[in-house]
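Heads up, the thing below is written out as structure tokens.
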Amino acid sequence: MSASKVPGKASAILQLTCPRCRQGKLFHTPTTSFRRPFDMKDHCEVCELDFMPEPGFYYGSMYVSYMFVGGFSLVFIAVFHWVFGWSMTASFAALIAIVAIFMVYIFRLSRSFWLGVHVKYRPETRNAK
Ligand SMILES: [Zn+2]
């Protein structure tokens, strides 16, 4: 990625990159990989940001995950039950399937969001290595 094309904060969060340099990846493997889905790197490979600033730092990301999935579930059930006329059972079955498929990305997105909220972007850290 060139220095002239810096992703925005929301884009960096969605792409699961380091919030300080917006270059380094937060996780060892791609989200679609089944290997080590919940293992996060210890620090950024570009700017050396510690991804575990303190013990229990990511407890807050559980609330973020709850907020994402809770809001999505309410909208999903409302739309499929009242707009498309699906039964409650079918709507919940579809919801459970979708949430199960995207579980790893939801987990990673919540952590990325939580870290992104707490760490400020510092352009001077880009291409430090
Ligand atoms: Zn970084």
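Miscellaneous remarks
- Electrostatic dipole magnitude of the chain [Cβ: Lys, Arg +1; Asp, Glu -1; Cα centre; debye, to 20]: 380
- Heavy-atom accessible surface of Lys41, to the nearest 10 Å², is about 40 Å², with a 1.4 Å probe and all protein chains retained.
- Using just its DSSP H runs of length 4 or more, each adding -39500 (n - 2.57), the chain gives a mean residue ellipticity at 222 nm of -14000 deg cm²/dmol after division by all residues.
- Solvent-accessible heavy-atom area per residue, rounded to whole Å², over the chain at 1.4 Å: 63
- Percent RCO, i.e. relative contact order, over the chain, from Cα pairs under 8 Å lying at least 6 residues apart: 37
- Whole-percent carbon and sulfur share, accessible surface of region 5-116, 1.4 Å: 71
- Ranking Cys21, Met52, Val99 by how far each Cα lies toward the positive end of the dipole of the chain (charges on Cβ) leaves Cys21 at the top.
- Listed peptides 59-70, 78-89 appear in the order 59-70, 78-89 once ranked by packing, highest mean of other Cβ atoms within 10 Å at the front.
- If the chain linking Lys120 and Ala78 were pulled fully straight, counting 0.36 nm for each residue of separation and taking away their Cα-Cα distance, it would gain 11.4 nm.
The values are calculated or read from the model by the stated rules, or taken from the named source; none is laboratory data. None of the values given here were measured: they were computed from a predicted structure. Ideal geometry is used to build each Cβ from the backbone, glycine not excepted, and the neighbour counts take in all protein chains shown. Heavy atoms of the whole protein, side chains included, go into the accessibility calculation; ligands, DNA and RNA do not. Shrake-Rupley method; radii C 1.70, N 1.55, O 1.52, S 1.80 Å.
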